[in-house]
1. Gain in length, residue 23 to residue 55, computed as 0.36 nm per residue apart minus the alpha-carbon separation, to one decimal in nm?
2. Run the quick spin-label model on residue 136 and residue 121: label points 7 Å from Cα toward the beta carbon, then report their separation in nm to one decimal.
3. Skipping prolines and chain starts, which residues have an amide H placed within reach, meaning under 5 Å, of the one on residue 142, given they are 5 or more residues away or on another chain?
4. If you split all Cα-Cα distances of the range 41-114 into 10 Å bins from zero, what percentages do you get per bin, shortest first?
5. At a Förster distance of 45 Å, what's the computed FRET efficiency of residue 70 paired with residue 103, Cβ-Cβ distance as r, to 0.05?
6. If I model the range 85-143 as equal point scatterers sitting on the Cα atoms and use the Debye formula, what is log10 I(q)/I(0) at q = 0.17, 0.23 Å⁻¹?
Amino acid sequence: ELTAAHGYVPGFLIPEATGTVEELLDLVMATPPAQLRADLEAATATSPRAAWASELATGRGRAMDLLGAAMDAFHREVVAPMRPGFRRIVTAELGRLAWQAATLGMESVLNSMHPAIKWREGRLDVDLPVDADVHLEGRGLIISPSAAWSQAGRVSINTRSTGCSRTSSSIRAARTCR
């Protein structure tokens, strides 16, 4: 209920970190209320707001507990069994992208990653339902293929990172991970 099939994914649901599932879940649960509110407001620009999102935006109470339990159960029941498949798909996609970069150049890679991502005149354009300009101001950009998004057309951008901005997109070949 917090994300639409297409559109904005609240940033607090995809923390900018690596670690164990427990560590990442702790990061989500420790999201400051101001960030929760901002992320949930951005999400409602493209889809209706879940009734319990107002309580979630406070960072306290039953809604946060339910979110943590739901995320933990989803990982255990859905994501964990598919991790070996995810790893194979991402490894293959990274190999394909490395070959493409070495033989055809980065512009070719950027223009072929996803229909919504295009390199034009020295800038990266990403067609999203949310209108925004991201100025890197000297920071890098990490582009990550995601085998977890089976739907074509899924793109995510996170600009709150203190180091690099990050964008993720669905892998074209990702159909099944089992």
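Read-outs throughout are calculated quantities, based only on the coordinates presented, and are distinct from any laboratory measurement. Just so we're clear, the structure is a prediction, and the values are computed from it rather than from any experiment. All Cβ positions, glycine included, derive from the backbone under ideal geometry; neighbour counts span all protein chains shown.
1. 9.2 nm
2. It is 1.9 nm.
3. 165, 166, 167
4. Answer for the range 41-114: a P(r) of 16, 23, 23, 27, 11, 1 percent.
5. On the way: r = 44 Å, r/R0 = 0.97.
Taking R0 as 45 Å, the efficiency between residue 70 and residue 103 is 0.55.
6. Result of the Debye calculation: -0.71, -1.07.
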